[in-house]
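Input: a single structure, listed below in structure tokens.
The values are calculated or read from the model by the stated rules, or taken from the named source; none is laboratory data. Given the structure is predicted, the values throughout are model-derived calculations rather than measurements. All Cβ positions, even for glycine, are placed from backbone atoms using ideal geometry, and neighbour counts span all protein chains on display.
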Amino acid sequence: MAAHADSIKSIERGETGTVVRLVGDIDLHRSHDVHQSLLDVCRERPNKLIVDLRDVAYMDSSGVGTLVEVFRQVNAYKGKLALVAPSARVKNLFQITKLDQFFRIFATPEEALGAD
Amino acid sequence: MSALWPRGVETVDLRIRSDPAHLADMREAVRQMAERCGFAADETDAVALAVDEALTNTIKHGYGGSPEGDIDIHLERLAGELGGGLEVRIRDYGHQVDPEGICSRDLSDIRPGGLGVHIMRCVMDELRYERCQGGGMLVTMRKYLTRHGESPVG
């Protein structure tokens with residue numbers, strides 16, 4: 001699938017869910033585009049929405065806020081959000097904001113898609 | 001990215017516009033200065049994050065999201081105090097708020113927004129907000145190294 005924002009590397013839609021692969025720095029400069037792109041995917045109501053973070057070099061609270069908002073949107077239609085492979089830097093941010101216990105985090109998209 | 005600051009640089013003063021497109025360059029500038037101060041890689045990342053959060057708040061709240069405001073940034077290597085460290089001062093000329101009203105929020109309330117101050121307080125050893133004469137705010141943050149070159153905050 002073609003990316004339609006600088007921070008969206010790919011969007012792969014499958015039977016078990018949709019995987020959105022992000023890339024680069026997700027800060028105030030980029031988080032709005034990421035937010036809009038992920039909300040567009042939420043409107044398709046995938047049973048599982050997987051956000052692949054392996055190519056995300058940096059994230060700040062605006063990026064985290066986007067993920068929280070997407071979680072709320074997915075939860076509203078009884079779907080499931082999962083994150084994949086955040087870097088140590090991003091994991092540290094999740095720990096600081098106590099969201100490491102909130103998000104479901106997996107090592108690969110396949111694991112995330114296969115999970116309950 | 002090649003080194004931005006020559007060896008021996010103790011202070012750096014920059015002025016940027018309140019455009020989020022500048023945030024990435026500022027993070028790199030802060031990382032390099034923090035590295036010169038003696039912080040380890042994970043600590044330079046954390047300091048860059050804290051400064052990024054402060055700048056983000058300035059852009060969003062000080063200038064209401066306008067990219068036309070001026071932001072002055074002062075980076076200063078601290079010598080002697082608690083083994084050295086880094087001071088960052090961010091001055092804007094935008095909207096003023098009561099410093100007493102700037103606080104972290106309850107993290108058990110899972111919602112977007114309001115995390116920047118919490119992150120800054122977790123990372124930095126000192127954080128202070130002041131209203132400036134003539135308008136705008138000044139944010140001053142410090143992070144110290146220990147006597148043996150290790151940050152006291154893990």
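From the list A:V23, A:V34, A:V41, exactly one residue is at negative phi, modelled with pLDDT of 95 or more, surrounded by fewer than 23 Cβ atoms within 10 Å (Cβ to Cβ) and assigned to a helix (DSSP H, G or I). Which is it? After ruling out the rest, the residue left standing is A:V41.
Taking residues in the range B:17-38 that are over 17 Å from A:Y58 (Cα atoms), and partners anywhere that are aromatic (F, W, Y), the pairs with Cβ atoms closer than 8 Å and at least 6 places apart or on different chains are B:S18/B:Y63; B:M33/B:W5; B:R36/B:W5. Just for the range B:44-81: of the residues that are surrounded by fewer than 17 Cβ atoms within 10 Å (Cβ to Cβ) and more than 14 Å from chain A (Cβ to nearest Cβ), which one is farthest from B:G116 (Cα to Cα)? This residue is B:G80. Screening the candidates B:L138, B:L115, B:L86 for the property of being at negative phi, more than 14 Å from every other protein chain (Cβ to nearest Cβ) and surrounded by 21 or more Cβ atoms within 10 Å (Cβ to Cβ) yields one hit, B:L86. Output yes when any residue across the range B:89-98 is within 14 Å of chain A (Cβ to nearest Cβ), under 19 Å from B:V30 (Cβ atoms) and more than 11 Å from the chain's Cα centre (by Cα), and no when none is. For the range B:89-98, residues within 14 Å of chain A (Cβ to nearest Cβ), under 19 Å from B:V30 (Cβ atoms) and more than 11 Å from the chain's Cα centre (by Cα): absent. Residues in the range A:49-73 that are of a type in the set (V, I, T) and within 9 Å of the chain's Cα centre (by Cα): A:I50, A:V51, A:T66, A:V70.
Yes/no matrix, rows are residues, columns are (1) touching a His at 6+ places or on another chain (Cβ under 9 Å); (2) under 24 Å from B:S108 (Cβ atoms):
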{"site": "A:R43", "(1), (2)": "no, no"}
{"site": "A:P46", "(1), (2)": "no, no"}
{"site": "A:D55", "(1), (2)": "no, no"}
{"site": "A:E69", "(1), (2)": "yes, yes"}
{"site": "A:A76", "(1), (2)": "no, yes"}
{"site": "A:L81", "(1), (2)": "no, yes"}
{"site": "A:P86", "(1), (2)": "no, yes"}
{"site": "A:V90", "(1), (2)": "no, yes"}
{"site": "A:Q95", "(1), (2)": "no, yes"}
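Scanning the range A:62-101 for residues that are loosely packed, with under 15 Cβ neighbours inside 10 Å, facing another protein chain (nearest Cβ under 10 Å) and in a helix (DSSP H, G or I) gives A:R72, A:A88, A:Q95. Among residues of the range B:93-107 being surrounded by fewer than 10 Cβ atoms within 10 Å (Cβ to Cβ) and in a loop (DSSP other than H, G, I, E, B), the one that is modelled with the highest pLDDT is B:D98.
For the range B:42-74, enumerate the residues that are part of a helix (DSSP H, G or I) and without any contact (Cβ under 8 Å) to a residue 40 or more places away in the chain. Before you say what the answer is, go through the steps one by one.
Kept after step one, since they are part of a helix (DSSP H, G or I), are these residues of the range B:42-74: B:42-62.
Those that are part of a helix (DSSP H, G or I) and without any contact (Cβ under 8 Å) to a residue 40 or more places away in the chain: B:D42, B:T44, B:D45, B:A48, B:D52, B:L55, B:K60, B:H61.
Among the residues examined, A:R54 does not qualify as of a type in the set (D, E, K, R), facing chain B (nearest Cβ under 9 Å) and over 27 Å from B:S66 (Cβ atoms).
When the residues of the range A:44-61 are filtered to those that are among the basic types (K, R) and over 30 Å from B:V47 (Cβ atoms), which remaining residue is surrounded by the most Cβ atoms within 10 Å (Cβ to Cβ)? Restricting to residues being among the basic types (K, R) and over 30 Å from B:V47 (Cβ atoms), the top hit is A:K48. Taking the criterion of being closer than 13 Å to A:V19 by Cα and part of a strand (DSSP E or B), the residues of the range A:44-61 that qualify are A:K48, A:L49, A:I50, A:V51, A:D52, A:L53, A:R54.
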